1. For a quick check, take a GNM of chain B with Cα springs below 10 Å and name the residue from B:59, B:154, B:50 with the largest mean-square fluctuation.
2. Excluding same-chain residues fewer than 8 positions from residue B:4, which lysines have a Cα within less than 18 Å of its Cα?
3. If you add up the charges near residue B:87, with Lys and Arg at +1 and Asp and Glu at -1, over every other residue whose beta carbon is less than 13 angstrom from its beta carbon, what do you get?
4. Taking square-rooted eigenvalues a ≥ b ≥ c of the alpha carbon gyration tensor, is region B:3-76 rounded, prolate or oblate, where a/c under 1.5 means rounded and, failing that, a/b exceeding b/c means prolate?
5. Select from B:155, B:194, B:111 the residue whose mean-square fluctuation is largest in a Gaussian network model of chain B (Cα-Cα springs shorter than 10 Å).
6. Could you sort the peptides A:195-206, A:96-107 by per-residue average Cβ neighbour count (10 Å cutoff), highest mean leading?
7. Averaged over peptide B:26-36, how many Cβ atoms belonging to another chain are found within 10 Å of each residue's Cβ?
8. Roughly how tilted is helix B:185-197, in degrees to the nearest 10 and between 0 and 90, from the longest Cα axis of chain B?
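Every number in this text was worked out from the coordinates using simple rules, so none of it is lab data. Just so it is clear, the structure is predicted and the values come from calculations on it, not from any experiment. Note that each Cβ is placed from the backbone with ideal geometry, even for glycine, and that neighbours are counted across all protein chains shown.
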Amino acid sequence: MVFCDVYATLVLSSKNRMVNVVMPLPIFYLFFNFGAATDILAVICLKSEDGVIMLKLPKQELMSLISELRRLGFEVIAPTRSNETVRLAALSSPSDLETDYIRIINSPRDFLLPSREPLFRYRSTATVTSYGLKIRFPTVEGPCPVTIVPEYTPPKVKIAFFGIHPCMANSIRYLDKVMLSEPADPYYKARREDMFVAVLECEEGDQYCLCKTVESYKVPEGYADLMIRRGGDGFLVRSRSKRGDELLASLKRGEVAGKPKDLVPRLKEEYAFDRTDEAGIDERDASEYVGACTLCASCTVTCPTCYCSDIEDKFSLMDPSNVERSRVRMSCQRRCYSMIAGGTTFLNTKEARFKWRLKHKFPFSERAYQLVGCVGCGNCIAFCPARIDFRKFLGRRVA
Amino acid sequence: METKTLRLTLINWRADFLPGQFVQLLLPGVGEAPFCITSSPSDPKHIELTILRRGLVTTASQYIRPGDAVGIRGPLGRPFPLDRFHGRDVLLVATGIGIAALRSLILYILENRKKFKEVTLLYGARFPEDLVYRDEIKSWAEHVKVMVTLSKATEQWSGLRGRVTDHLKEVSLHKDLVAVVCGSPAVMESITNELIKYGLSSENIYVSLERHMKCGIGKCARCLIPGGLLVCKDGPVFSASEISIKAIGE
């Protein structure tokens, strides 16, 4: 027993009397399991040796954590419900926080790597008399006529993701691998650096979740500052980082010690497949899966790890010398994704594009980053209008 | 074919590049596109790009006049492994505009001719007017063996006729030879297959792949090829043993 030399003090209310009970931690945990039956007001405990702080909080107190994060200058992004859809959004009021959900339609990617991101502006003396036909470029007489104007600098925002599921925390890990590998992307890095993550552990998935197959129900070290899980009528909040410790300490509430294992969610269906088998994906016949595909690209739009992008230079016809360069999200389901000069398109069929997405998620990512690009959220199946289920294509159902 | 070779003078900057690398050419207000450097690496103050009119940037580049200013980002990508070419017979096979990707290497070979044994350039195009660097090729022929073949030759054409694969047998192909192939994807695949049939090891066959690289630094994933390699970072030069031969034409 790890915690048997740690004693806990329970403050119980019983018939309007406050009772303090001191007991060894394992016995305390027994109480904890009946938390719903016992009206626990606060739990006070010595800190465990490994320094994990854990609190049990009612939902109102959870909201005070959000207020505290805001006070510290974070923009809190959390699941909110609107029209039967749960989506991540900047919280206008802590009470908008939605904790009772299975999937969100967007993901942390949309905040760390926006679908359209201006990179910089540049000014040139280029004049466009007839766009695409007669272009006069600036000439090199005098000072250099093309100047990069740093009108855009990466925003120094402090993002706090509050109440995202473990799969979404894992998606940040994958984006880190891609965007922070040398040379690191400065725009992503600026958003990522001061990020705070409070993960709401998942108890139950729906029929599209596959986090067990890709083991994304576990949150790796460094990808959660707080772990929140339902406990009785409130929430159990434990810290996983120094910043998490500080935030919980700021609440000045009683705390319990412990380091519970990551919660394994109950899934309705489970599948098994080989993540590294590129040849296997090529060989299989996908026609029965892609027959109903409309190439709407919902799978890549709702995927928390799809990061493929395009670079666009845009100017206003009113002021053609002022050009903005943006990074715009691109989908491999579109024809122009794989088109090269002269019109040769490498991914010509629906089947090729369907397989390409899976190859990029599994064997390609495994090879490049030793990490699969699928975090098992199931968004690509749940939001597909044709309900194309790649799990059945890649593997077989095991439970 | 409407091709144009731009000779760019670099202002306050020198590009230390090697044959096989590419740059992103920025046309202010139009956009950016990747082009392989076609000039010799011995002159880092100038960069030459041979551009075939195809899309937005390449069309706009036809309107560039002497003295105009453009932007360059690079050099990017992995060059030809020249160390492995030294002291060996080299076969260069190019079709169409693919010769542009090999010109830098050819100029390097001409400048360092003693480092290489027998060098053969096999260049194929469809029509006589499709031939790029027509006048230059004549001067190359004084130092290396040049074979130019046309698949749709006119009656006036006195040179070789047919596809490049028809003339591979005229080159003395042996195991120690290094072959470099560049052309359209399907043609590169068939040439690579032919060379392997003639007994060349896939490690000694190099291809220069074309993809529409957007960022050039491995962040946009637009140049991903089967096998999970990125053409901008891991390429554009690959040996045929590093990638599946099917991936060349895919």
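1. Of B:59, B:154, B:50, the Gaussian network model singles out B:154 as fluctuating most.
2. A:134
3. Numbers: positive: B:84, B:88, B:113, B:114, B:115, B:117; negative: B:83, B:89, B:118, B:176.
Net local charge, residue B:87 excluded: +2.
4. On the way: a/c = 1.69, a/b = 1.46, b/c = 1.15.
It is prolate, given that a/c is not under 1.5 and a/b is the larger ratio.
5. B:155
6. Numbers: A:195-206: 20.7, A:96-107: 18.3.
Top of the packing list down: A:195-206, A:96-107.
7. On the way: counts 6, 5, 16, 19, 9, 6, 4, 2, 2, 1, 0.
That average works out to 6.
8. Around 30 degrees separate the two axes.
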